[in-house]
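For reference, the structure is listed below as structure tokens.
The values are calculated or read from the model by the stated rules, or taken from the named source; none is laboratory data. Please read all numbers here as calculations on a predicted model, not as lab measurements. All Cβ positions, even for glycine, are placed from backbone atoms using ideal geometry, and neighbour counts span all protein chains on display. Remember, those area values only see protein heavy atoms, side chains included, never the ligands or the DNA or RNA. Shrake-Rupley method; radii C 1.70, N 1.55, O 1.52, S 1.80 Å.
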Amino acid sequence: MLTGPGVARYGGAFMGRTRFALLCLLVLDMTTTSAHAKDRQDIQARYKWNLADLYPSEADWTKAKQDLGRRIPELAKFRGHLGKSAQSLLAALQVMFELDHQLSRLSVYANSLSDEDVRAARPREMKQSAEELATQFSSASSWVRPEILALDPAKVRKFVADEKKLAPYRVYLEETLRRKPHTLGAAEERVAAEAGDLEHAGSEIHGVLSNADLPYPLVKLSTGESVRLDAAAYSLHRQDRNRADRDRVFSAFFGGLKTYERTMGATLAAAVKSHLFEMRVRHFDSTLQAALFQDNIPPVVYKQLLADVHRSLPALHRYLALRKRMLGLDVLRYQDLYVPLVASVDMRFEPDEARAITLDALAPLGKEYTDALHAGFESGWTDYLPSTGKRSGAYSTGVYGVHPYQLLNFNGRYDDLSTLAHESGHSMHTFLSYAAQPYPTADYPIFVAEVASTFNENLLIHYMLDRTKDDASRLFLLGTLLDGLRTTLFRQTQFAEFELAFHEQAERGEPLTGENLSASYLKIAREYYGHDKHVCEVDDLLAIEWAYVPHFYYDFYVYQYATSMVASTSLARAVRQEAQTSDPARGRPRRDAYLNMLRSGSSKYAMDLLKEAGVDMTTSAPFDEAIAEMNATMDEMERILDRQAKPTLSAPKR
Ligand SMILES: [Zn+2]
């Protein structure tokens, strides 16, 4: 699960891994398993990951699990002794991080095995028992941070200075001390921990309602097909080429949600109340500050993003005008935003071809990077192909001291190629960080995780563009690049703006209701899409869209999609330019700085990591570069369309 405020956020280092694996899924869960999936046993070994690198057999896993279960209680003997000497602090941290490491190994094995076939019972049981062990560990280590916090910070720092072996734990200790102003006395912490159990109530009720209980409407499409419009079917059918079908789908889906507006308002209000509780009891000035404190991100970064996007709305409006032109519409409406800009161009890739293209496209990162990735491709990092029962989507994970693992459902489309580049970005980040960092700083912050992956997507699409001459294929690639920038920079920031608005409303003591959440959502959406300027009509019914977005329960999370894209666009552009113009005498300082960031894991704060790589996220400069890329993409698309001199490219009008 994603962690919210409260106890979970103050939990062990293990949380970082769990949060990261999920982040990637959120972005890429749209890939569906092919209906013609093979049986796993019919797939060649070279297209499967090798879980034997974790444990030679299931029996070894079971033995390791039993050993770990016996060792967890060992932690208790250090309780009350952390402040005695540098050596006793060191001994406790060594045991805690070693247990954490073994636990991540057990979990990754069980989760991965289960993902090979989600129907299989035994791996599910293994997964469950790894989760139980994680809870046991989390509870057995829950006293460590409070005990460190009760020590004099000067004493802790002196321990680190005196005992060289504490160096790998310095970041963990400093991170713990940084929380001191927001940590309460023992009795209050107990109350806060109890209250923490209530924090997911809103999100859980929303989840049950939207995933199981909502009576989703049935619609009949022009093809004669009847569809039950749940969230997944809505996101599929909003892309339909037939405009009347899109209208039906829009009205039915949002009309259905609208009847639950009051309930949905109450579930979101419950989540916001837990954020307010956290803010008040831990002495933060705002819910935004409380949420961003976890990764030490200054709230100015968030506000800056909103201001930058507002300033750049003309680029979004230009995009909307281009979309209207390409679809050949007289009036563009919100319902027209998800039809693919270019009817799919027949670009197909074999898995081996996709590997070769990815390696070639990433050449600007240097031979060391591509050699390591190539070796990874050849040695069981990746589970490539869809098979019956396999988990859908794509993600990357890894185990320290072993190697990264990535799950794909490669179906041969451009999207699948791009996903390979994306997940390989995460995996190489993991690989480089694991190689350079000790275990306690080997996991990287979420704020930079999606930089490494989207950076590779950017290199890939420019590589493809450099080698694609025909107009139709260029339009397809440019449209893909453009839609990525539009949905990430603008849509995620639109979400972030709404999220800030309703939190501020609650901070002012105003009630949150379904009705006023809808009013606020519609106002922001209309401003973004230029409704009053007749750029794009936004129907009144869109007001309820917030009710189907689960991310509003994640406590100021979505803005990171936009900031990651901004950072990676700026970094990738610098590295590409350097590779093209490089004079051997000058070397590749931008590439080296970027690789250095990947190697740094979480040894520094996210803001500092990015700054050292060459992007200062407290300024507008990187954002402006991303908008420049968006405008350059539209320049070329318009040139192609002018040359073709036919405004209707591929889609029928109605
Ligand atoms: Zn990702």
- Between residues in segment 122-142 that are more than 17 Å from GLN102 (Cβ to Cβ) and residues that are loosely packed, with under 15 Cβ neighbours inside 10 Å, which pairs lie under 8 Å by C-beta distance while being six or more apart or on different chains? ARG124/VAL118
- Inspect all residues belonging to segment 45-57 and state whether any of them is modelled with pLDDT of 95 or more, more than 16 Å from the ligand (Cβ to nearest atom), in contact with a His (Cβ under 8 Å, 6 or more places away or on another chain) and closer than 16 Å to LEU407 by Cβ. yes
- Query: Restricted to segment 394-411, and to residues that are small (Gly, Ala, Ser) and in a strand (DSSP E or B), which residue is farthest from ASP443 (Cα to Cα)?
  - Reply: SER396
- Message: So the check is Cβ under 7 Å with 6+ separation or different chains; which pairs have a first residue in segment 535-558 that's under 11 Å from HIS206 (Cβ atoms) and open to solvent by less than 10 Å² (accessible area, probe 1.4 Å) and a second one that's part of a loop (DSSP other than H, G, I, E, B) and of a type outside the set (Val, Ile, Thr)?
- Response: ALA547/TYR260
- Task: Taking the residues in segment 168-196 that are without any contact (Cβ under 8 Å) to a residue 12 or more places away in the chain and open to solvent by 60 Å² or more (accessible area, probe 1.4 Å) as candidates, determine which candidate is farthest from the chain's Cα centre (by Cα).
- Result: ALA187
- Task: Considering each residue of segment 125-145, count those that are in a helix (DSSP H, G or I), out of contact with any Phe, Trp or Tyr (no Cβ under 8 Å at 6 or more places or on another chain) and open to solvent by 20 Å² or more (accessible area, probe 1.4 Å), and give that number.
- Result: 10
- Item | Considering residues of segment 427-470 that are of a type outside the set (Ser, Thr, Tyr) and not in a helix (DSSP H, G or I) only, the residue most open to solvent (accessible area, probe 1.4 Å) | LYS469
- Task: Any chance you could count how many residues in segment 370-393 are within 18 Å of SER453 (Cα to Cα) and touching a Phe, Trp or Tyr at 6+ places or on another chain (Cβ under 9 Å)?
- Result: 7
- Task: Collect the residues in segment 225-262 that are among the β-branched types (Val, Ile, Thr) and open to solvent by 20 Å² or more (accessible area, probe 1.4 Å), keeping them in residue-number order.
- Result: THR259
- Scan segment 576-602 for residues that are of a type in the set (A, V, I, L, M) and surrounded by fewer than 24 Cβ atoms within 10 Å (Cβ to Cβ) and jot them down. ALA579, ALA585, ALA593, LEU595
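So in segment 508-534, with the set limited to residues that are among the hydroxyl-bearing types (Ser, Thr, Tyr) and open to solvent by less than 10 Å² (accessible area, probe 1.4 Å), which one is nearest to GLY265 (Cα to Cα)?
The selected residue is SER518.
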- Query: Which fully enclosed helices (runs of 4 or more DSSP H) of segment 165-272 have 2 or more residues being of a type in the set (Asp, Glu)?
  - Reply: 170-178, 186-196, 243-258
- Query: Of the residues ALA442, ALA452, ALA435, which single one is within 30 Å of TYR400 (Cα to Cα), within 16 Å of the ligand (Cβ to nearest atom), touching a residue at least 60 places away in the same chain (Cβ under 8 Å) and among the aliphatic types (A, V, I, L, M)?
  - Reply: ALA452
- Message: I need the full set of residues from segment 49-90 which are open to solvent by 50 Å² or more (accessible area, probe 1.4 Å), part of a loop (DSSP other than H, G, I, E, B) and within 30 Å of ASP352 (Cβ to Cβ), in order please.
- Response: ASN50, PRO56
- at pLDDT 95 or above and β-branched (Val, Ile, Thr) - does that describe any residue in segment 549-557? no
